[in-house]
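Let me begin by presenting the structure, written as structure tokens, before commenting on it.
The values are calculated or read from the model by the stated rules, or taken from the named source; none is laboratory data. Since this is a predicted model, take the numbers as computed values, not measurements. Cβ placement follows ideal geometry from the backbone for every residue including glycine, while neighbour counts extend to all protein chains displayed. Areas reflect the complete protein model, heavy atoms only, side chains present, ligands, DNA and RNA absent. Shrake-Rupley method; radii C 1.70, N 1.55, O 1.52, S 1.80 Å.
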Amino acid sequence: MTDTKYTMKLRKSSKVENIVPIILFVIASISVVTSIGIVLTLVVDASRFFAEVSIAEVFGTKLEPLKKDPSFGFLPLITGTIVTSLIAMLVAAPLGITSAIFLSEFMSSKMRRIIKPIIEVLAGIPTIVYGFFAYNTVTPLLMNIFPELGAKNALSPGIVMGIMILPIVTSLSEDAMSSVPDYIRKGAYGLGSTKLEVATKVIVPSAISGIVAAFVLAISRAIGETMIVTIASGSSKQFTLDIMQPMQTMTAYIVEFTSGDAGSGTIGYYSLYAVGLMLFVFTMLTNLLAKYITKKYRREY
Amino acid sequence: MDNSVNTLRDQERENLHLDRKYIDLNKSQERLKKRKIINIVAQSMFSLTIVFIIFVLGLLLFNIIRSSIGWLDWEFLTGRLSIRPEKAGIKSVIMGSFMLMVVVAPVTMIIGVATAIFLEEYAKKGTIHSLISLNISNLAGVPSVIFGLLGLTVFGRIFGLGSSILAGGLTLSLLVLPNVVVSSQEAIKAVPNFLREASYGLGATKWTTIRKIVLPSAIPGIMTGAILALSRAIGETAPLVVLGIPTLILKFPESFMDDFTALPIQIYYWTLDTVLTKEYANLAAATIVILLVVLFLLNSSAIIIRNKFQRRN
Amino acid sequence: MSDHTLKFDIKDLDFFYEDFQALKNIQMEIKTNEITAFIGPSGCGKSTFLRALNRMNDLIEGTRVEGKIYLDGEDVYDKIDAITLRSRVGMVFQKPNPFPMSVYDNIAYGPRLNGIKKKSILNEIVERSLRQAAVWDECKDKLKQNALSFSGGQQQRICIARALAVEPEVLLMDEPTSALDPISTLKIEDLITELKKDYTIIIVTHNMQQAARISDKTAFFLLGELLEFDTTETIFSNPKNKKTEDYITGRFG
Amino acid sequence: MSDHTLKFDIKDLDFFYEDFQALKNIQMEIKTNEITAFIGPSGCGKSTFLRALNRMNDLIEGTRVEGKIYLDGEDVYDKIDAITLRSRVGMVFQKPNPFPMSVYDNIAYGPRLNGIKKKSILNEIVERSLRQAAVWDECKDKLKQNALSFSGGQQQRICIARALAVEPEVLLMDEPTSALDPISTLKIEDLITELKKDYTIIIVTHNMQQAARISDKTAFFLLGELLEFDTTETIFSNPKNKKTEDYITGRFG
Amino acid sequence: ACGSTEEPAAETTEVATETEPAEAEMTEVEEAELEGAVIVDGSGTVYPLMANIAEEYMVNEEENVSVQVGRAGSSAGFKKFIPGETDFSDASRAIKDEEVAQLKENGYEMGTDVYEFVLAYDGLTMVINKENTWATEMTKEEIVNMYLASGNVTTWADIRPEWPAEEIKFYGPNENHGTYEFFYETILDEADMVATANLQQDYSTLVDLVANDVNAIAFFGFGYYVSNTDTLQAVKVDFGNGPVEPSLETIGLDLDYAGFTRPVFTYLNVKYALEKPQVLDFAKYVVSFDGAKRLAGDNGFAPLPDAMYEEYQAQLDALK
Ligand SMILES: Nc1ncnc2c1ncn2[C@@H]1O[C@H](COP(=O)(O)OP(=O)(O)OP(=O)(O)O)[C@@H](O)[C@H]1O
Ligand SMILES: Nc1ncnc2c1ncn2[C@@H]1O[C@H](COP(=O)(O)OP(=O)(O)OP(=O)(O)O)[C@@H](O)[C@H]1O
Ligand SMILES: [Mg+2]
Ligand SMILES: [Mg+2]
Ligand SMILES: O=P([O-])([O-])[O-]
């Protein structure tokens, strides 16, 4: 039967075999190069900025980048960013946590299969659409409620940003809650708890690290969000904490500056990168914090 | 049982007033009524949250669709851009988005899949692996506007690509790269190891095994991830704005070096320009409808691919 | 407490998971201050029956009960609401399931639900329950420590203490020692015999020796039916049903 | 082919997973055209040894080999590269693992690797291999069908055919029937006895009857050591080592 | 009037004054097709006019030429124009000496390598909220004074005692904009502006802000006001001869609103016009009667006297 041997080429571990991993490695390094590129882009031009502007000035409240005698106090941008992100969290945190509790502890699995995707649709909507929504629908709506509200203000984009990050809070918190093992839940029911008591007294405390991490991640998203604030919060560089007033975030500053005075070489131009660097550090820190919380406080049941 | 232990227990027991009831059943019963009411109230409030979320989604879609009615027609889809709202069409805008994707799709697929293969098949352990993985998870958290700055500086200025389709596409590619890498990694991980072993057992080399066995099995997962990444890229605005896309480009894009406009950009400019001409809001809404339809189609196709793939396993 | 009056009275109980009938026409009387053991091969419905007694099955979607269960003469599916029932009929599970919080908070959880806020009373309840569950000495200095940091056997006794803290009348235990090592198991068995003085106890077990050692009555289930229910002595020395004997002697199951 | 010359010669083989030594000083000679069975309790190192023979263990990070394995007198870890070795020493796994592609492509996979592209030759190889694996009749009309759509026993024979298609000299089989029903198992056993004419076969099995039925030699492993290696007859009727006897008679393992 | 090579365009001009493009199309059949890009950036004030001209040009004249119009602002526009990144730079103020000097450094001589064209006249318009019932008329001095840091005006009552004692919200375009510079340099005479003035990049933001705040006041080009007359009102300015409302009838260097009238410009890179036929062709269209003159009014600008457009056309025709 087997006396017909076909001539088979004897293959060595060919050159291809050795070259492929090198090619793949080179391509895989593109992501690292990208990171380095981001850091270099930001740091090189930001350092030109910091060579001319003192740190003390940067933490001032006077932001007049285009004046003949410009000043670069970034505090208005920082507060603008923090205020809008806070508003967003004030919307997303309660809504997110309650909807997560509802999904994970109250709803039947059938309903959950219908409701969860609806919430996830919110996550797939581009931010420009939210921006349009904030400007075109939410601001006019809010103006009916608060007549003193400006056409550009921090409130409306803050709220809409809250809706945008809501799915992050909801689905990550829900994941954290559903990963609390069922026997813990049963233990609580066995002691005569109502659903609410099980959810708030046992499940939420058990899942708290996951929930906090979800919040932090959502904050990071809010800080980095651009289009909603660019469209709906105006570009006021005044230092204010009045959410009825226009404000500017770090991201919106970058957009404003690049769509306006993009001529390179001026301090104004380099200020763009200084703000970019600040934004990068802000989001990086919050992301790392979220990771740290999940790692450190992950519970082994 | 040891007797001494038992006596000790008896003594302890007396100290503990076992017959004393701490919980007053009647009071508990009253309290229970309250607890149950609170439970019901909370439950209805929670369900209101969901209703509210659905309401907001509905409001968003309703307002957009309402504004687009009367504006979204065949002429709008196939006409050329104009500063006159009643004449404006978005053919070149759709084309711009499409050409962007023509850049993003292959670039992210090649880099993303290659990176995933490298991580999953070649560098499973060690510092290089953890360096690249860490790096990718960090990149995923970088705000898109920062990618815009990177694109502006590197592609726009250093490479001299300006605000062309190529510059925009490359910028968006880097932006969604982490998504593609992670989903490709998942897909490659999901290929059972016994298939790899079978291939090696027949005398196949590593690369042959990856090419002929691993990748074909992972393709549906990779495609799903890539489509989802595309659907993120197609809606991104900030990086393109930062690249400095001119406000008015009436020309139909023809090459990848042309300046262009894309769906989200056009929505942005029209939204800004509602002060010039109110009807721009309707144009923006109509363009949003188109963008959402495109996203819906992309996501559905991803789901279909995923389901088909799951059924086969 | 009155001795050996009727605690649970179960009449014609059928139980369904969707279309699957897990319990078939169960009749059983459970006396106060007795230990009743449920035995039977896997899947015969022991846990289902146990969970029917404090309506834990209500939490599973698509279940249905027919027939009656009376606790002290009151219909538990009609006259007593599930929350009250569960604080009167406590439960201990197979796998120790302390809440991921301090020992103290674990024990105080139930009393707090019942509106007890005073620190001094809570302290007393915590100490008493932990003493009753024979785990006081091991954790009296670590009350603020996370309950998960204790060993499996200690965790299980903490869970028993947690159940006792709400002052239940009945304790249901579903294979409470199956996740434990032999020494912890013995400790819990001692504890159960001890608790018998104050509580009515129903225990599911796969361990024949355990059933024989600690229970007064034994119920043998097979395929959702209660095949035989008698004093433990009778069941183990002189079962009436051939299947019971086969099971006990390890010929099947 | 020459009968009963030395095929594999294993000298002082040690094998390590990181720090764990899975094989200890193995000595073994395997003859051409014989069937050798490896038996021993779970975790004793049978699979590890088998996978050392065609260097499949190379794929696991952190493994280390000491000692020598000669195939036809050539050191497999030194003189033969792993790829060539694996096409000379084929392998069949415990769980049937056809590639998710057509039967034809499964069988043609190996020959194609070896540069055979001509359709007519491939056709011939496919038919011959499937015939050898005694599965031709069952799939000759379904060659384009996905291999996963066949039954477990058919899949396993397809996998054997796939291994045969690269014309190996040795076939390693790691519990090739443990995932199969008795009828499929018998078919595969018949097939193995048949293949013995053309191949040297090494088979790991947990089934003593199977080892006794089909093998010429049997090796008994325990805790990484080769405790006894002899003709199957001797091992099963008159083992020298007490532990071998205990294992074979089911007293442990 | 456009010269021998542009005869069809000249015909178009005549017809187009009747604003009937449909007939104009018939005449351009035999014209040589141009292609390539024309890049325009600069003034946001001029943007609507330039965008309109660009669109008309592409629809009616050369559909294969791509004219891109940006609106980064006059100063930002020059920053791109000086190193040669753009073909045209729109401006709502004249080029500055320092910018001329920078051009020279880059090898562009004003007048030979760069042409300046006035496109039309714009009336700087002070806009207030519709609900503002008091500040509907102001003298030029009052306006100047309220925007000056030295004026010490914080409430309306500081201007006229009978006006509400509520804080004024000062708005305006930011320093990227020629409008700002015109206001700051020509109207305020380079004296410091009030520190509370809130300066914005986008005109849309300004319109929104004023439309929703009764105490707001802003200044910008007339064009942005006419597209928003439903939400804004213009302050009538008294230059000494009674209040004048800005309108196409009053804006002009020798008309009643002259005090706040300014020319708007576009600057052409002549080197590029010579290299790229489409740039030259577009430039001719811009200054033709068909271009700026015809479309100025639609966009809230007052056209120049015909003679000026004719002079520009001649200047361009002379290039080749
Ligand atoms: N949630 C459920 N849904 C559907 N069927 C269930 C469910 N829980 C149990 N069953 C079925 O009901 C029957 C009885 O289950 P039960 O858990 O009561 O058995 P058991 O006697 O406790 O077994 P074991 O000794 O293994 O714990 C089994 O056939 C089981 O498959
Ligand atoms: N990849 C691995 N990494 C570390 N240790 C391993 C690995 N594979 C096997 N081992 C260990 O090596 C020893 C031998 O394993 P091996 O798989 O060879 O046993 P076996 O005899 O085939 O057992 P079985 O009959 O269960 O298949 C076992 O102790 C096992 O835990
Ligand atoms: Mg059970
Ligand atoms: Mg094995
Ligand atoms: O945009 P400006 O016209 O003011 O420069």
ask   = Going by the conditions given, is B:Ala302 assigned by the TED database to the domain that holds B:Val191, crowded, with 24+ Cβ neighbours inside 10 Å and among the small types (Gly, Ala, Ser)?
value = no
request  = Take segment A:174-210 and flag every residue that is buried (at least 24 other Cβ atoms within 10 Å of the Cβ) and of a type in the set (Ser, Thr, Tyr).
outcome  = A:Ser193
query = Pick from E:Pro243, E:Pro277, E:Pro263: which is within 16 Å of ligand 5 (Cβ to nearest atom), open to solvent by 20 Å² or more (accessible area, probe 1.4 Å) and over 30 Å from A:Glu148 (Cα atoms)?
reply = E:Pro263
ask   = Can you name the number of the only condition in (1) surrounded by fewer than 22 Cβ atoms within 10 Å (Cβ to Cβ); (2) over 24 Å from E:Thr205 (Cβ atoms); (3) away from chain A (no Cβ under 11 Å) that B:Leu292 fails?
value = (3)
task = Return the residue satisfying two criteria in turn: it lies in segment A:135-173 and is under 23 Å from the mean Cα position of the chain (by Cα) and farther than 20 Å from B:Phe55 by Cβ, and of such residues it is surrounded by the fewest Cβ atoms within 10 Å (Cβ to Cβ).
result = A:Leu172
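Against the condition in contact with a strand residue (DSSP E or B) (Cβ under 8 Å, 6 or more places away or on another chain) and more than 21 Å from D:Val166 (Cβ to Cβ), how does D:Leu13 come out, does it pass? Quick ask: steps written out before the conclusion?
Numbers: in contact with a strand residue (DSSP E or B) (Cβ under 8 Å, 6 or more places away or on another chain): yes; more than 21 Å from D:Val166 (Cβ to Cβ): yes.
Spelling it out, D:Leu13 is indeed in contact with a strand residue (DSSP E or B) (Cβ under 8 Å, 6 or more places away or on another chain) and more than 21 Å from D:Val166 (Cβ to Cβ).
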task = Would you check which residues across segment A:64-84 are open to solvent by 10 Å² or more (accessible area, probe 1.4 Å) and either at positive phi or part of a helix (DSSP H, G or I) (or both) and list them?
result = A:Leu75, A:Ile78, A:Thr79, A:Ile82, A:Val83
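Search segment B:64-75 for residues being under 25 Å from A:Thr137 (Cα atoms) and open to solvent by 20 Å² or more (accessible area, probe 1.4 Å), and hand back the single one that is nearest to the other protein chains (Cβ to nearest Cβ).
Residues of segment B:64-75 that are under 25 Å from A:Thr137 (Cα atoms), as a first pass: B:64-73.
Keeping just the survivors that are open to solvent by 20 Å² or more (accessible area, probe 1.4 Å) gives B:65-67, B:69-73.
Details: B:Ile65: 12, B:Arg66: 10, B:Ser67: 7, B:Ile69: 15, B:Gly70: 16, B:Trp71: 14, B:Leu72: 15, B:Asp73: 20 Å.
Looking at the filtered set, the residue picked out is B:Ser67.
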Filter result for the condition that a residue is among the basic types (Lys, Arg), at positive phi and touching a residue at least 24 places away in the same chain (Cβ under 8 Å), over C:Arg86, C:Arg55 = C:Arg55
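Go through A:Ile30, A:Ile22 for me and flag whichever is farther than 13 Å from A:Val275 by Cβ, open to solvent by less than 80 Å² (accessible area, probe 1.4 Å) and free of Cβ contacts under 8 Å to residues at least 24 places away in the same chain. Walk me through it before giving the result.
Working: A:Ile22 fails: open to solvent by less than 80 Å² (accessible area, probe 1.4 Å).
After applying the criteria, what remains is A:Ile30.
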remark   = Flagged pairs (Cβ under 8 angstrom, 6 or more apart or on separate chains; first in segment A:34-46, over 17 Å from A:Gly268 (Cβ atoms); second aromatic (Phe, Trp, Tyr) and open to solvent by 20 Å² or more (accessible area, probe 1.4 Å)) are A:Ile38/A:Phe280; A:Val39/A:Phe280
query = Mind checking which residues of segment B:135-147 are out of contact with any Leu (no Cβ under 6 Å at 6 or more places or on another chain), facing chain A (nearest Cβ under 7 Å) and of a type in the set (Gly, Ala, Ser)?
reply = B:Gly141
request  = Of the conditions (1) over 23 Å from the mean Cα position of the chain (by Cα); (2) in a loop (DSSP other than H, G, I, E, B), D:Glu124 clears all except one; give me its number.
outcome  = (2)
remark   = Within segment E:274-320, residues polar (S, T, N, Q) and under 16 Å from E:Glu62 (Cβ atoms) come out as E:Gln278, E:Ser288
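Quick check on segment C:203-224. Is at least one of its residues closer than 26 Å to B:Ile23 by Cα, modelled with pLDDT of 90 or more and not charged (D, E, K, R)? If you could, list the steps in order and put the result at the bottom.
To start, the set of residues in segment C:203-224 that are closer than 26 Å to B:Ile23 by Cα comprises C:203.
Now restrict to residues that are modelled with pLDDT of 90 or more: C:203.
Within this subset, residues satisfying the condition of being not charged (D, E, K, R) are C:203.
The answer is yes; a qualifying residue exists.
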message = Looking at D:Ile69 and the list (1) more than 10 Å from chain B (Cβ to nearest Cβ); (2) over 21 Å from D:Phe229 (Cα atoms); (3) modelled with pLDDT of 90 or more, which single condition is not satisfied?
response = (2)
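Quick check, is D:Ser149 more than 16 Å from ligand 3 (Cβ to nearest atom), open to solvent by 20 Å² or more (accessible area, probe 1.4 Å) and of a type in the set (Gly, Ala, Ser)?
In short, yes.
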request  = Within segment B:274-286, identify whether any single residue is crowded, with 21+ Cβ neighbours inside 10 Å, among the hydroxyl-bearing types (Ser, Thr, Tyr) and modelled with pLDDT under 90, and answer yes or no.
outcome  = yes
request  = Within segment E:181-192, track down each residue that is at the interface with chain A (Cβ under 10 Å from one of its Cβ atoms) and modelled with pLDDT of 90 or more.
outcome  = E:Tyr184
task = Scan (1) in contact (Cβ under 8 Å) with a residue 40 or more places away in the chain; (2) within 14 Å of chain B (Cβ to nearest Cβ) for the single condition A:Leu241 breaks and write down its number.
result = (2)
task = Those residues that are more than 24 Å from the chain's Cα centre (by Cα) and open to solvent by 20 Å² or more (accessible area, probe 1.4 Å), I need them from segment B:156-195; list them, please.
result = B:Arg157, B:Ile158, B:Phe159, B:Gly160, B:Leu161, B:Gly162, B:Pro192, B:Asn193, B:Phe194
remark   = Of (1) over 30 Å from D:Asp81 (Cβ atoms); (2) more than 9 Å from chain A (Cβ to nearest Cβ); (3) surrounded by fewer than 24 Cβ atoms within 10 Å (Cβ to Cβ), B:Leu131 satisfies every one except (2)
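Conditions tested, residue by residue: (1) among the small types (Gly, Ala, Ser); (2) assigned to a strand (DSSP E or B); (3) within 16 Å of ligand 4 (Cβ to nearest atom); (4) surrounded by fewer than 22 Cβ atoms within 10 Å (Cβ to Cβ).
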| site | (1), (2), (3), (4) |
| --- | --- |
| C:Ile10 | no, yes, no, yes |
| C:Ala22 | yes, yes, no, yes |
| C:Asn25 | no, yes, no, yes |
| C:Thr36 | no, yes, no, no |
| C:Cys44 | no, no, no, no |
| C:Phe49 | no, no, no, no |
| C:Ala52 | yes, no, no, no |
ask   = If you go through segment A:264-271 one residue at a time, do you hit one that is at pLDDT 85 or above and more than 30 Å from A:Ser173 (Cα to Cα)?
value = yes
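Kindly evaluate E:Glu85 against the criterion of being free of Cβ contacts under 8 Å to residues at least 24 places away in the same chain and open to solvent by 50 Å² or more (accessible area, probe 1.4 Å). Let's see the steps before the verdict.
Values: free of Cβ contacts under 8 Å to residues at least 24 places away in the same chain: no; open to solvent by 50 Å² or more (accessible area, probe 1.4 Å): yes.
No, not satisfied.
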request  = Kindly indicate whether any position in segment E:227-239 is open to solvent by 20 Å² or more (accessible area, probe 1.4 Å), within 16 Å of ligand 5 (Cβ to nearest atom), in a strand (DSSP E or B) and away from every other protein chain (no Cβ under 12 Å).
outcome  = no
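Give, as residue ranges, the strands (runs of 3 or more DSSP E) completely inside segment E:79-187 that count at least 2 residues that are within 15 Å of the chain's Cα centre (by Cα) and more than 22 Å from A:Pro70 (Cα to Cα). Give the derivation first.
Working: elements: E:88-91, E:114-129, E:137-139, E:169-173.
Hits in segment E:79-187: E:88-91, E:114-129.
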task = Quickly run through segment C:225-253 and pick out the residues that are surrounded by fewer than 16 Cβ atoms within 10 Å (Cβ to Cβ), among the β-branched types (Val, Ile, Thr) and modelled with pLDDT of 90 or more.
result = C:Thr231, C:Thr234
ask   = Out of curiosity, is B:Pro264 within 27 Å of B:Ala167 (Cα to Cα) and within 12 Å of chain A (Cβ to nearest Cβ)?
value = yes
